[in-house]
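The values are calculated or read from the model by the stated rules, or taken from the named source; none is laboratory data. Model, not experiment: these values are computed from the prediction. So basically every Cβ, Gly included, is an ideal-geometry build from the backbone, and we count neighbours across all protein chains shown. SASA here: full protein model, heavy atoms, side chains in, ligands and nucleic acids out. Shrake-Rupley method; radii C 1.70, N 1.55, O 1.52, S 1.80 Å.
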Amino acid sequence: MFATSEDVIRWIHEQKSLGIKPGLKRMQWMMERLDYPERRLRTIHIGGTNGKGSTTAFLRSILQEAGFEVGTFTSPYIETFHERISVNGQPIQDEDLVKAATVIKPLADELKDSSLGAPTEFELITAICFYYFANIHPVDFVLVEVGLGGRLDSTNIIHPLLSIITNIGYDHMHILGSTIDQIAREKAGIIKNGVPVITASLNEQAKKIIEEKAKEKKSKLYEFGNHFRADNIQKGNFQEQFTVTTLFHQYESLAISLLGTHQIRNASVAVMAAELLNTYYSFVIEKEAIYNGLKKATWPGRFEILSKNPAIVLDGAHNKEGLESLILTAKRHFPDKKGTVLFTALHDKPLEMMVQQLDRTDYHIVFTQFSFPRASKVDDLYRISNSTRKELAPDWQQYLEQKIRTLHNDELLIVTGSLYFISEVKAFLSNKEIRPFALNESRN
């Protein structure tokens with residue numbers, strides 16, 4: 001049916017034209033036909049607007065350090081499609097992707113001719129993930145990242161050990177709703193009966209809705225700033241250093257290489273999750289695993305520093321809250337550098353809110369565009385901005401090639417916006433020798 005993994009990826013991407021179809025019926029139908037593989041998995045469900053990927057990375061690293069084999073299901077990908085389904089950070093192998101997809105395709109074809117309609121791109125990947133971890137490569141845990149929203153997301157058929165809701169902000173408003181209340185209700189839809197839930201949401205409206213949902217589901221709620229907290233926050237040498245205090249222990253002098261105070265919250269959530277797995281589910285996770293796991297955790301495209309002198313940073317800040325965190329982190333770790341931001345985003349994002357965040361900085365803003373079905377037009381982004389320090393660069397490859405060649409050590413170049421854009425930029429920079437210096441190294 002499929003000769004190569006490229007055939008599988010092509011087939012999956014062909015479903016993009018179906019768009020997003022929220023709902024669980026197609027997933028439930030496929031899982032029933034597969035004898036419910038998701039029920040044979042120990043899962044942890046991770047939702048929220050920002051921080052899902054980083055929280056997944058922190059928790060995976062902790063569990064690995066504790067000696068467990070950990071599967072992850074994340075989106076979108078940064079470097080290769082295969083990384084969306086990984087084991088201990090290693091992407092699914094070609095032959096396993098082909099094997100799992102070969103099982104799913106006949107079901108997708110049958111669904112297409114039914115009243116439920118064809119499964120979406122994301123539903124296909126989710127089904128492949130669950131089949132893979134249940135039948136091809138069983139693992140100790142599967143960390144499942146929500147694709148969009150929560151309540152009607154295709155991942156929401158699982159009954160996890162823990163539910164995690166990171167921060168909540170404005171994103172996918174055309175689907176989830178235009179207010180924080182509406183968005184939070186969709187995110188809180190992953191809370192299951194009796195399943196503990198951890199949240200790092202800072203928005204009071206969102207917290208209230210999560211609290212109400214947890215109470216309704218009789219789920220014990222653990223809130224950042226209430227049941228666990230981070231203190232003694234210090235900026236290290238391209239590290240964040242802090243102390244986490246939970247209901248059970250205190251962890252002094254923790255260190256992470258993912259930068260930003262928002263990452264401290266995400267790391268704290270991972271610590272709380274590890275504590276609950278250790279305390280209530282009897283999975284042995286020593287303090288050493290928490291310290292080493294946090295220190296070793298990495299996540300591409302999240303304030304990823306390609307070079308320090310001159311400073312070049314990639315960050316998939318795809319909404320208002322993401323950009324706010326990015327700017328705060330840049331000012332925190334590169335306070336004296338003159339900044340330039342190369343920015344583009346998808347047209348269904350809260351563009352005005354995002355551009356306003358950029359306008360408030362003293363950075364030079366360069367608007368661009370990239371080839372993607374939902375990408376914004378460069379002229380539209382430029383028109384939204386009220387900055388006096390803005391310019392157009394429709395060809396981002398040409399702009400980057402010229403800009404990087406002329407960067408000085410007192411400058412900071414931030415490439416940000418859509419994670420899909422960041423993925424293209426990473427591929428471009430890794431495959432093209434456009435630099436007079438090696439990335440990750442400093443100029444003399």
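Structure summary
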quantity	calculated
Ellipsoid equivalent to the range 197-266 - semi-axes via the Cα gyration tensor, in Å	27, 13, 8
Å² per residue, accessible surface of the range 6-162 at 1.4 Å	37
Sparse-neighbour loop sites [GluC sites (Glu not before Pro); the range 242-313; at most 15 other C-beta within 10 Å; DSSP]	Glu286
Bridge type composition, the range 197-274 - antiparallel percent by DSSP, nearest 5	70
Net lengthening on full extension, Val284/Lys296 (0.36 nm per residue, minus Cα-Cα)	2.4 nm
Antiparallel %, DSSP beta bridges [both residues in the range 43-172], to 5	35
Local net charge near Gln93, Cβ-Cβ under 13 Å (Lys/Arg +1, Asp/Glu -1)	-3
Simple label model, 7 Å out from Cα along Cβ direction - His137 to His408, nm	4.8
Cα-projected label distance for Glu391 with Asp113, points at 7 Å along beta-carbon direction, nm	5.8
Per residue, in Å², the accessible surface of the range 275-350 once ligands and nucleic acids are set aside, probe 1.4 Å	38
Relative contact order %, the range 48-159, counting alpha carbon pairs below 8 Å whose residues are six or more apart	30
Chymotrypsin sites (Phe, Trp or Tyr not before Pro) lying in DSSP loop within the range 201-265, provided at most 12 other Cβ fall within 10 Å	Phe238, Phe248
Accessible area (Å², per residue) of the range 374-414, counting only protein heavy atoms and a probe of 1.4 Å	56
GNM flexibility winner over the chain from His249, His262, His82 (Cα, springs under 10 Å)	His249
In Hz, Karplus ³J(HN,Hα) per residue of the range 35-42 (6.51, -1.76, 1.60; θ = phi - 60°; x = Gly, Pro)	6, 6, x, 5, 6, 9, 10, 8
Rounded to 5, the percent of DSSP beta bridges in the chain classed as antiparallel	35
Net +/- balance of residues flanking Ala255 in space, Cβ distance below 9 Å, scoring K and R +1, D and E -1	0
Most mobile of Ser371, Ser86, Ser54 in a GNM of the chain (Cα contacts under 10 Å)	Ser371
Helix-only [θ]222 nm of the chain, DSSP H runs n ≥ 4, -39500 (n - 2.57) each, per residue, nearest 500	-12000 deg cm²/dmol
Accessible area of the chain belonging to carbon and sulfur atoms, whole % at 1.4 Å probe	45
Point-to-point label distance, Glu352-Glu32, nm (Cα→Cβ direction, 7 Å offset)	4.5
